1. Would you call I336 at pLDDT 95 or above, open to solvent by 60 Å² or more (accessible area, probe 1.4 Å) and within 24 Å of G267 (Cβ to Cβ)?
2. From E379, E371, grab the single residue that is at pLDDT below 95 and more than 26 Å from the chain's Cα centre (by Cα).
3. Does the stretch 253-283 hold any residues that are small (G, A, S) and either at pLDDT below 95 or outside any loop (DSSP other than H, G, I, E, B) (or both), and which are they?
4. Please note which strands (runs of 3 or more DSSP E) are completely contained in the stretch 25-82 and include at least 1 residues that are at pLDDT 95 or above, in contact with a Lys or Arg (Cβ under 9 Å, 6 or more places away or on another chain) and of a type in the set (A, V, I, L, M).
5. Determine which single condition Y349 fails, assuming it passes every other condition in (1) within 30 Å of D90 (Cα to Cα); (2) open to solvent by 30 Å² or more (accessible area, probe 1.4 Å); (3) of a type outside the set (A, V, I, L, M, F, W, C).
6. Residue check: is R313 surrounded by fewer than 12 Cβ atoms within 10 Å (Cβ to Cβ), among the basic types (K, R) and at negative phi?
7. For the stretch 266-289, which positions are touching a strand residue (DSSP E or B) at 6+ places or on another chain (Cβ under 8 Å) and farther than 20 Å from S124 by Cβ?
8. Yes or no: I119 of a type in the set (V, I, T), farther than 22 Å from S304 by Cα and either open to solvent by 10 Å² or more (accessible area, probe 1.4 Å) or out of contact with any Phe, Trp or Tyr (no Cβ under 8 Å at 6 or more places or on another chain) (or both)?
Amino acid sequence: MLSVTRNVQRLALSKLLLSSPKTYTRSLATTTKATESGSNDDIITINLPKESFEGYMVEPPSLTYQTTKGELLQMYKDMVIIRRMEMACDALYKAKKIRGFCHLSVGQEAIAVGIENAITKADSVITSYRCHGFTYMRGATVKAVLAELMGRRAGVSHGKGGSMHLYAPGFYGGNGIVGGQVPLGAGLAFAHQYKNEDACSFTLYGDGASNQGQVFESFNMAKLWNLPVVFCCENNRYGMGTAASRSSATTEYYKRGQYIPGIKVNGMDVLSIYQASKFAKDWCVSGKGPLLLEYETYRYGGHSMSDPGTTYRTREEIQNMRSKNDPIAGLKMHLIDLGIATDAEVKAYDKSARKHVDEQFELADACAPPEAKLSILFEDVYVKGSETPTLRGRISEDTWDFQKGGFANRD
């Protein structure tokens, strides 16, 4: 009952935020410099290694595709911004400016960036509690994300959601119930289908949530109704502190859909993620029904800020992933090898990203917390204009009157 109530409250809050006149624009790590050679519209041919994809009941995406110089540069800048933002969150948590639960995505930045660059704003995205990067990519500013984490009124959820409950236009959270977002994501896909929209839902969950019953229920309904939903398993190898092989009878998560085709993707390569995500969207909007993607990725830190992340895996394992599979370092190498940017230009992007995040933190830190008034408790229950006359409280004296803007049974 508690999980259902919390899901309803989160949906009400997300609807309010999506209907709010406040708009978000994704800030860039830096603007394109005139010293960069060529035009951002220059076509670049990408050739992925054959191990980038594995298919189940479907032919994997092509290993060769074309994109633009500008798109590649933007993906690099986006990943650097997200990493700097997450590092800022780490420092703020240790300084006790962020409290409560906090799950960082350092090492997994390529997934949010690859997906967002492959879809449009008409598509829906919903994920679990490791959601800071997705919120930024969907259009929230770094300031709005950090302000929310610090409990400030200027945050994306008005300072009342915290790390696990972030929203932006087309982004439905940030959900704290393990696996609870998966049936909601299927519902978003149903809405797209019902309204005849040329769009789909990207519904993300982790390997730790993959054994939840509601995940399989969502698979069944999505296939039964041929919903345009991409089920995305972010397999970072550990569910909290438990290795996937110790919790799952099979770790081939891309085959878990049984009757739903699946693709395993190199989740540490933003170029592979982009191509797979673009393929998945095209699959869904063409009427072929749901598709399951497994992004094989890795988090460098612990499950949350309370987890050092070294009691169930070795430091050598972490360092090996950092040195050989880092998504930012990998794309940097491609940019330089393809002549898209010089080493000096890439360093300038990194420096600009650091400066931008520092500036956004200063703005967020200067924001005020929510006012200490009771009306704030009731403002996010309904989309404005759709309220019931009153909202019952814990006792009769707590009943709220929306028209009065105060308690119904108090003077």
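1. When the stated conditions are applied, I336 passes them.
2. On the way: E379 fails: more than 26 Å from the chain's Cα centre (by Cα).
Being at pLDDT below 95 and more than 26 Å from the chain's Cα centre (by Cα) holds for just one of E379, E371, which is E371.
3. Taking the stretch 253-283 first, the residues small (G, A, S) are 257, 262, 267, 272, 276-277, 280.
Listed by number, the residues that qualify are G262, S272, A276, S277, A280.
4. Passing ranges, in order: 43-47.
5. Result: Y349 passes all but (2).
6. On the way: surrounded by fewer than 12 Cβ atoms within 10 Å (Cβ to Cβ): no; among the basic types (K, R): yes; at negative phi: yes.
Against the criterion (surrounded by fewer than 12 Cβ atoms within 10 Å (Cβ to Cβ), among the basic types (K, R) and at negative phi), R313 does not qualify.
7. Across the stretch 266-289, the qualifying residues are N266, G267, M268, L271, S272, Q275.
8. Criteria met by I119.
The values are calculated or read from the model by the stated rules, or taken from the named source; none is laboratory data. Source: prediction; values computed, not measured. A quick note on method: Cβ atoms are made from the backbone with ideal geometry, for glycine too, and the neighbour counts reach across all protein chains shown. Side chains included, ligands, DNA and RNA excluded: accessible areas come from the protein's heavy atoms. Shrake-Rupley method; radii C 1.70, N 1.55, O 1.52, S 1.80 Å.
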